[in-house]
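Before any comments, here is the structure.
The values are calculated or read from the model by the stated rules, or taken from the named source; none is laboratory data. These figures come from a predicted structure and were not determined experimentally. Glycine also receives a Cβ, built like all others from the backbone with ideal geometry; neighbour counts cover every protein chain displayed.
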Amino acid sequence: MDEKHRKPEWVPSGAGREFATRVLPANQAPGENAVTSVRKPRRVQLSASEIAEGVVQGDRSLLARAITLIESNSPRHFEDGQELVRLLLPASGNSVRIGITGTPGAGKSTFIESFGVWLIERGHKVAVLAIDPSSSLSRGSILGDKTRMEKLSRHPHSFIRPSPSGGALGGVARKTRESMIACEAAGYDVILIETVGVGQSETTVRSMVDFFLLMQIAGAGDELQGIKKGIMELADLIAVNKADGDNILPAQQAAGELNNALHYLRPATPGWTSRAVTCSALESEGLNVIWDAVQHFVEHGKNTGIFAERRQDQVLQWFESLLTEGVLNRFNADPRVQSQLPNLREQVQKGELPVLLAVKTLLDEI
């Protein structure tokens, strides 16, 4: 045997090519019975109906799989995901949906953990859909809210799902509505949606929740007044967080100033008076006041019919937004559009063609 094909001394005599795929335990000498490496079994593929059945029974692992399927952008997952949503719809709708936003540093994640644990101790099941800003490279979540809500994430009556925003305006994941349906079908009666809160339009959040909570802190500075005003008009309640220690008085003063400002704004919900309160997520102070406000809001909404009307309007808005997105995707995928669009863009950019005429030309083409 030439030097090139000579086997090393440690290879057992008579061993074939398959020897390289075997594993020898540390205390086993070459030549003894080799143990074939054990491969991790592949996850069993479940149908949409099997996943839906497990979700309704409260299986958290299947709930996570359901949301993964729903969030998938792969065309091969689309039909299964939508079938799953259809199966879960009858078991959904029995929760209070609370959107939580605020400027970075307002303590949203700390508040959600404290509030979630407080609610669970009083018999509720809490699901948190935390909308992370997407990585510009991987499009995945980059904050990792489970690592910031350790106590809540360990509780058997909680479910935390960080979802990448995918660049959606206001930091809202495209599939958040479907994820809410899955969580409600699994028996979670309080759904908390945490948004990025970077000053973008939060109207999308408003369009999918029952109650909209704005988190603020004292002494944020005048540079944030514009952001405050835009979101304040959407808020059903403002909570000035970190009202503890030496910050209690400044927090109370900030709440007073916000209450004065709210008098000049139209309420986000007809017949409901928005107000500002103080709380301390760190010390779990003021959480009962916030929950009382939520309960009074739901009672008011159901008595006046606003609650049901808002949810019906939200479903219609959801339909319209998905229809617009679907039509735009079909339009951009049309070969005639793809062949004309680069040339028209260049002409518009150089000022050789009026914008309106370029659009009309493209629409007339199809």
For residue 278, are the conditions met, namely being closer than 30 Å to residue 308 by Cβ, within 29 Å of the chain's Cα centre (by Cα) and hydroxyl-bearing (Ser, Thr, Tyr)? no
When you go through (1) hydroxyl-bearing (Ser, Thr, Tyr); (2) exposed (fewer than 11 other Cβ atoms within 10 Å of the Cβ); (3) within 30 Å of residue 236 (Cβ to Cβ) one by one for residue 304, which number turns out not to apply? (2)
Within region 94-120, the residues that are surrounded by fewer than 17 Cβ atoms within 10 Å (Cβ to Cβ) and modelled with pLDDT of 90 or more are 94
Considering only region 131-144, I want to know if a residue exists there that is in the same structural domain as residue 108 (by TED's automatic domain parsing) and modelled with pLDDT of 90 or more. no
Out of 298, 289, 359, which single residue is outside the structural domain of residue 120 (by TED's automatic domain parsing), surrounded by 11 or more Cβ atoms within 10 Å (Cβ to Cβ), part of a helix (DSSP H, G or I) and β-branched (Val, Ile, Thr)? 359
Number of the condition not met by residue 307 [criteria: (1) over 16 Å from residue 99 (Cα atoms); (2) in contact with a helix residue (DSSP H, G or I) (Cβ under 7 Å, 6 or more places away or on another chain)]: (1)
Cβ contacts < 7 Å: first residue surrounded by 13 or more Cβ atoms within 10 Å (Cβ to Cβ), restricted to region 71-82; second residue in a loop (DSSP other than H, G, I, E, B), any location; separation 6+ or different chain. Result? 71/175; 81/72
Being outside any helix (DSSP H, G or I) and farther than 17 Å from residue 176 by Cα is true for just one of 309, 352, 346. Which residue is that? 352
Pairs, first touching a residue at least 60 places away in the same chain (Cβ under 8 Å) in region 288-307, second surrounded by fewer than 14 Cβ atoms within 10 Å (Cβ to Cβ) and outside any helix (DSSP H, G or I), C-beta under 9 Å, six or more apart: 291/122; 301/271
